[in-house]
1. Between ASP109 and VAL143, what is the label-to-label distance in nm when each label sits 7 Å out along the Cα-to-Cβ direction?
2. So what's the gap between the Cα centers of the range 114-141 and the range 70-98, to the nearest angstrom?
3. Once R0 is set to 22 Å, what does the formula 1/(1 + (r/R0)^6) return for the Cβ-Cβ distance between VAL24 and LEU170, expressed as a FRET efficiency to the nearest 0.05?
4. Whole-Hz ³J(HN,Hα) for each residue in the range 83-96, computed from phi via Karplus 6.51 cos²θ - 1.76 cosθ + 1.60 with θ = phi - 60°, x for glycine and proline: what do you get?
Amino acid sequence: MNEYSSEDMKQVLLSLFRNKLLIVLITGAGLFAGLLYTALRPPAVEYSATATLSVAFGRDEGQVSGNSIITNYSGLATSDRVCQYAASLLEGEDLTVNQIRRMVHVHEDSSYLLTISARNDSPRLAILAANAVAESFVTQVSVMTGNRTVRLVDSARSADIVDSGGRTSLLLLAPAAACILACVIVILTELYTRTLHSARQCAVDEGELLAVIPRINKAARR
């Protein structure tokens, strides 16, 4: 197993500095490739629809109980039980349980509010999925707790265009990956080359060396 000294690491840093122009060029090529790909790739349009649920307090339903239901049962919204019931409500829309689960995003706005959002390239399906999962969640929580503590406040009536961030991420990722690749190539070339740039790469104490034979470029002497 090769052992690298601090002098080797110093030479690696110097090598990166010497090849900075190459690294910049490769990074630029990565940025150009990312720009070209995003320019040729049609933008993906995605819609998001949101339904809001809330805790309803009655004579037999206290604040602590409602608070704990939102906190403890929020993860139920993406469970098989809720998604299967939602799929049955959407019978005829050709949506599977896994598709509904991937569409749905759950967020606790507070201890008493829960929003269920659904994303899809079809605004109609996004609205239907958000409402179906919200209705299914209310039903399943009612069955499990024996009361109607959680209720639907606002159903999804419209869907808004959202930016999935795929194009922006690619524009950032492509040059970053190209830069990392260029640096790795330079580092590996420096570590595994047989050329020595300093006597300290042979021994920590230069006094241990009997002699250093330089390599002379004959063409440079002419």
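1. 2.7
2. Answer, in whole Å: 8.
3. 0.60
4. So the Karplus estimates, Gly and Pro as x, are 5, 5, 5, 5, 5, 5, 6, 9, 4, x, 8, 6, 10, 8 Hz.
Only the coordinates and a few stated rules stand behind these numbers; no lab work does. Note that the structure is a prediction, hence the values are computed from the model and not measured. Cβ sites come from the backbone with ideal geometry, for glycine too, and all protein chains shown count toward neighbours.
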